[in-house]
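Pasting a structure below so you can have a look.
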Amino acid sequence: MTNGPRIAVAASPRNSRHNLEASSKFQEAANSLKGRFPGLLAAPIQIGEATFSAVLTDATQGFDFATALAEAVWPMQLRVAMLTVGHQVGAAADSQAHSRSLALLGEAIRDRAPFRFLVSGRKEMEVQLAEAAALLHSTLMHEWTQTRAEAVRAYRSLGRQRDAAQKLGITQQAVSQMLRGARLKEMSGLENAMRDWFTEEARPGLWPLRNFEKEVG
């Protein structure tokens, strides 16, 4: 039986001083992610002592899922591994996908790499560009303040600045200023570029810089 494309995502705290709190934060995040991405999980989320792993039915939403996880546990920074896992489904395939993502995460931890991607059909230089784009996205998020983080979460959840303002009890202008301060436009451009990368066939050129310039230009 086949279904796909599929992708596996694994994460752990980038700084080991967060390991003790990671499991509880990951559990809270898992509960919110299930509601935000209905039908996306191919198998139950697995949470270890300081690790999180998920197998997703749709590779195009892999980076969006990882972004939502990072936002949920902010300000804790994450180390993230993502890899395509083929089209096979079932308990054995899901277990193998979890194991492979955690093994790739282990390599990232060993190499002190913030991101590690393994995507079929992609050349090494292209993967390195994708990892650099993900790191830029993470750096922008790390610079948030608490109020900017709350504004982004409310806006992502509700979809309109007016509704986010009502939820937060502030003006729409204040929400707009917070979203600009959070660099949400630039982050969204990176997210769109990453989404395209996981969707489309391998291609030459300066991806993802070309797509990013198109999105934020």
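The values are calculated or read from the model by the stated rules, or taken from the named source; none is laboratory data. All of these numbers come straight from a predicted model, not from anything done at the bench. Don't worry about glycine lacking a Cβ; one is built from the backbone with ideal geometry, like all the others, and counts go over all protein chains shown.
In region 137-148, what residues are surrounded by 14 or more Cβ atoms within 10 Å (Cβ to Cβ) and either under 16 Å from the mean Cα position of the chain (by Cα) or at pLDDT below 95 (or both)?
Matches in region 137-148: HIS137, SER138, LEU140, MET141.
Answer yes or no: is there a residue in region 121-128 that is loosely packed, with under 12 Cβ neighbours inside 10 Å and touching a residue at least 24 places away in the same chain (Cβ under 8 Å).
Yes: one or more hits.
Go through (1) at pLDDT 95 or above; (2) part of a loop (DSSP other than H, G, I, E, B) for GLY121 and report which single condition fails.
Result: GLY121 passes all but (1).
Additional query: Quick one: what pairs do we get from region 167-195, first residue in a helix (DSSP H, G or I), second of a type in the set (Phe, Trp, Tyr), C-beta under 7 Å, 6+ apart or different chains?
Going by the 7 Å Cβ cut-off, the qualifying pairs are VAL175/TYR155; LEU179/TYR155; GLY189/PHE212; LEU190/PHE212; GLU191/PHE63; ALA193/PHE212; MET194/PHE63; ARG195/PHE63.
What is the residue count in region 98-118 for residues that are touching a residue at least 60 places away in the same chain (Cβ under 8 Å) and part of a helix (DSSP H, G or I)?
Going through region 98-118 one residue at a time, the tally reaches 7.
Please go through region 58-75 and pick out each residue that is more than 11 Å from the chain's Cα centre (by Cα), modelled with pLDDT of 95 or more and buried (at least 17 other Cβ atoms within 10 Å of the Cβ).
Within region 58-75, VAL73, TRP74 qualify.
Which numbered condition trips up ARG116, out of (1) surrounded by fewer than 20 Cβ atoms within 10 Å (Cβ to Cβ); (2) at pLDDT 95 or above?
Among (1) surrounded by fewer than 20 Cβ atoms within 10 Å (Cβ to Cβ); (2) at pLDDT 95 or above, the lone unmet condition for ARG116 is (1).
Give me a count of the residues in region 7-45 that are under 17 Å from LEU105 (Cβ atoms) and either within 16 Å of the chain's Cα centre (by Cα) or touching a residue at least 60 places away in the same chain (Cβ under 8 Å) (or both).
14
Further, regarding this structure: Take the residues of region 149-166 that are buried (at least 20 other Cβ atoms within 10 Å of the Cβ) and touching a residue at least 24 places away in the same chain (Cβ under 8 Å): which is farthest from ARG122 (Cα to Cα)?
ALA151
For region 130-166, which positions are small (Gly, Ala, Ser), over 15 Å from VAL80 (Cβ atoms) and in a helix (DSSP H, G or I)?
Within region 130-166, ALA149, ALA151, ALA154, SER157, ALA164, ALA165 qualify.
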